[in-house]
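S.K.: Structure below; questions to follow.
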Amino acid sequence: MNADHRVPAWPALIADADLRPHNSFAVRARAAGLTALTRIEQLDDLVEAAASYPQAPLLLGDGSNVLLVDDYAGLVVLNQLYGRRLINQDDEHAWVEIAAGENWDQLVDWSIAQGWFGLENLALIPGRVGAAPIQNIGAYGVEFESLCAAVQVYDPKAGNLQWLDAAQCQFAYRDSLFKRAGSRYWITAVRLRLRRRHQPNCAYAGVAEELQRLGLDDSQASSIAQAVRSLRRRKLPDPAQIGNAGSFFKNPVVSPEDANALGQQLAGLPRFEQDDGRCKLSAAYLIDQAGWKGYRDGDAGVHANHALVLVNHGQASGAQLYALAQRIAADVHDRYGVRLQIEPRVICAAGEP
Ligand code: FAD
Ligand code: EPU
């Protein structure tokens, strides 16, 4: 895939750059160097340039799933690889290849317009395509892995490009090989297997009701995308208005025995049985019951309408937000014996904590 007209002119490298415009929490942090990846052929040169910094390079999409706790002493590389194309199709499926710098939500609309379905429940998730495999993005009953055919990765240490099939990516709930491997892999493109016939998936709580509220039905994928966008706009704060990274903690997955015991303590606790017999609990409910919803310490806070979303009311630092997250997690553990795991990537001077 070649770079196209959307590739902006970009200075070779900015020293001591402001990262505030590049993270959805809008926290202040500086990068020792900032540049952009606009063509695959640039990869080896970028690695060479990054070697002169004391910290490994950090590839970023839109920064909607990171918490920058400190300044970054390495080279931050913005992913601006563009391109999308059909690579194969049969009666049932279309296989498409999408460069990692494409915007995720625009991909959803583009695929529906082509008559290729499956992404509609994932409408309006912020960020770029290359980050989607990192935590196996999911929403409204669909996860990235169910549509993923392969992921193209560049290994900055070995300097080679390779395709990994979906099994090799080791996808799990908000997890993958890539999330566990830190910065070992740079994702450059993904291949998706989309359906050529629309199969509505409206089982997730609220989707059918939202369609009805909007006067729509499930016969069109575009209507489902519209309902999902409408639900999301109502529930989640817009990072353009107030800094946030979506859900700050993963929903905890526990044994049925632990879920039953906690159910005695919290009668209304939502629980979702998993295929492996374990139970996914609602982190939002636990944090809400512990009294944190709407809490504010300076400019670091918990959103007033959704207890799982930490927010920056203006001038909070990454360290303040991280400290608040640790207080919440410790309190939930003390009260309910459940260990919450942070969902976004926390990026500190010394790497990830
Ligand atoms: P970034 O934040 O830029 O990067 C995230 C991490 O991946 C970083 O560690 C970065 O170094 C690494 N990375 C990024 N691109 C690459 C690459 N090409 N190769 C290697 N590493 C890379 N997530 C969901 O799953 N479901 C949701 O419903 C959802 N809702 C959200 C709602 C809001 C309001 C917000 C702010 C976030 C939400 N998120 C959700 C989280 C976020 O949108 C996703 O994780 C998204 O995929 C992040 O994309 P990004 O380009 O912003 O990634
Ligand atoms: N709830 C509360 N208090 C609140 C908010 C919610 O008790 O303040 C309860 C609700 O009553 C509901 C339950 O929590 O029973 C779940 O809430 P919601 O439907 O909003 O979903 P979630 O578990 O908070 C997850 C994902 C979201 C995804 C939605 C829709 C995780 C960590 N989060 O949120 O993903 O969009 O489901 O599928 O899995 C993200 O990852 O950043 C993200 C936003």
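S.K.: Filter the range 209-245 down to the residues that are open to solvent by 20 Å² or more (accessible area, probe 1.4 Å) and within 14 Å of ligand 2 (Cβ to nearest atom) and list them by number.
M.R.: Listed by number, the residues that qualify are 209, 229, 230, 232, 233, 234, 235, 236, 238, 239.
S.K.: What are the pairs, 6+ residues apart or on separate chains, where a residue within the range 285-309 that is within 7 Å of ligand 2 (Cβ to nearest atom) has its Cβ under 6 Å from a residue that is among the small types (Gly, Ala, Ser) and open to solvent by 30 Å² or more (accessible area, probe 1.4 Å)?
M.R.: 308/247
S.K.: Let me ask something additional. Output yes when any residue across the range 163-172 is within 10 Å of ligand 1 (Cβ to nearest atom) and aliphatic (A, V, I, L, M), and no when none is.
M.R.: Within the range 163-172 (the criterion being within 10 Å of ligand 1 (Cβ to nearest atom) and aliphatic (A, V, I, L, M)), the answer is no, since none of the residues qualifies.
S.K.: Just to be sure before I move on: is residue 124 within 13 Å of ligand 1 (Cβ to nearest atom), hydrophobic (A, V, I, L, M, F, W, C) and farther than 24 Å from residue 321 by Cβ in the structure I sent?
M.R.: no
S.K.: For residue 229, indicate whether it is more than 10 Å from ligand 1 (Cβ to nearest atom), of a type outside the set (S, T, N, Q) and touching a residue at least 40 places away in the same chain (Cβ under 8 Å).
M.R.: So residue 229 passes the test.
S.K.: Oh, and also: When you look at residue 257, is it open to solvent by less than 60 Å² (accessible area, probe 1.4 Å), charged (D, E, K, R) and part of a helix (DSSP H, G or I), yes or no?
M.R.: no
S.K.: Separate question: Go through the range 186-207 and report how many residues are modelled with pLDDT of 95 or more, part of a loop (DSSP other than H, G, I, E, B) and not basic (Lys, Arg).
M.R.: Result for the range 186-207: 8.
S.K.: Right, something else. Residue 339 is checked against (1) over 21 Å from residue 180 (Cβ atoms); (2) within 15 Å of ligand 2 (Cβ to nearest atom) and fails just one. What number does that condition carry?
M.R.: (1)
The values are calculated or read from the model by the stated rules, or taken from the named source; none is laboratory data. Model, not experiment: these values are computed from the prediction. For neighbour counting, all protein chains shown are included, and Cβ atoms are generated from backbone atoms with ideal geometry for every residue, glycine included. Heads up: the accessible areas ignore ligands, DNA and RNA and are worked out on the full protein's heavy atoms, side chains in. Shrake-Rupley method; radii C 1.70, N 1.55, O 1.52, S 1.80 Å.
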